[in-house]
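Visitor: I have a structure here, written as structure tokens, and I will follow up with some questions on it.
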Amino acid sequence: MNRKKLLAVVTLALLGAFGGYKFGFANDSEAKPGKIHGEVYVLGKDFLVNLSDGHYAKLGVAIVVEHGAAAPAGGGGHGAAAPKPPEGYGPLPQEAAVRDIVTDTLTDVAEDELTNREGREKLKERILRRVKQGTDVPIHEVLFTDVSVQ
């Protein structure tokens, strides 16, 4: 009877060790897809825009772009480093065009379009559509990181 108990304990220990390895330490051969498809690129400087009825808004905006799209454009050739963007701006090519679209889309909107979740989602969709139409930026989504309306 002792021998059967010992065999059962050893078998359970081996199964436990294998299970712990498989579910805790082993790398999954199937990588789980991320919830955000691409890289989040934060447009460095906040947006300050005039709204209708004398209100204004200050927003932080980020965009989800394809992996590698926010890398600096090719250098100046012959080993020269790429020029440094102005302070508050990042290495996204055509960032100025994206900022123009965001500013133009948000200027003169009604206050409730930014304070209402449904209104914000519609504004994000408008910005997304306009960036896709007016630039070569491989954009997937627009995010409002901060919103303040007065």
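Values in this text are rule-based calculations from the coordinates and carry no lab data. These numbers were taken from a predicted model, which means no experiment stands behind them. In this analysis, Cβ positions are derived from the backbone assuming ideal geometry, glycine residues included, and neighbour counts consider all displayed protein chains.
Visitor: Quick one: net charge of Ile139's neighbours, Cβ under 9 Å, K/R +1, D/E -1?
Guide: Overall, the nearby charge balance is -1.
Visitor: Less than 10 Å Cβ to Cβ from Leu106, Lys/Arg counted +1 and Asp/Glu -1: what total charge do the surrounding residues give?
Guide: Computed value for this residue: -2.
Visitor: Would you mind checking Lys35/Lys132; Lys58/Lys124; Lys35/Lys58; Lys45/Lys132 for any pair whose Cα atoms are more than 23 angstrom apart?
Guide: Pairs exceeding 23 Å: Lys35/Lys58.
Visitor: Assuming R0 = 22 Å, can you tell me the calculated FRET efficiency for the pair Glu125 and Ser52, based on Cβ-Cβ distance, to the nearest 0.05?
Guide: 0.65
Visitor: Here's another thing I want to ask about it. Determine, from the Cβ-Cβ distance of Ser148 and Ala96 and an R0 of 25 Å, the FRET efficiency 1/(1 + (r/R0)^6), rounded to the nearest 0.05.
Guide: 0.60
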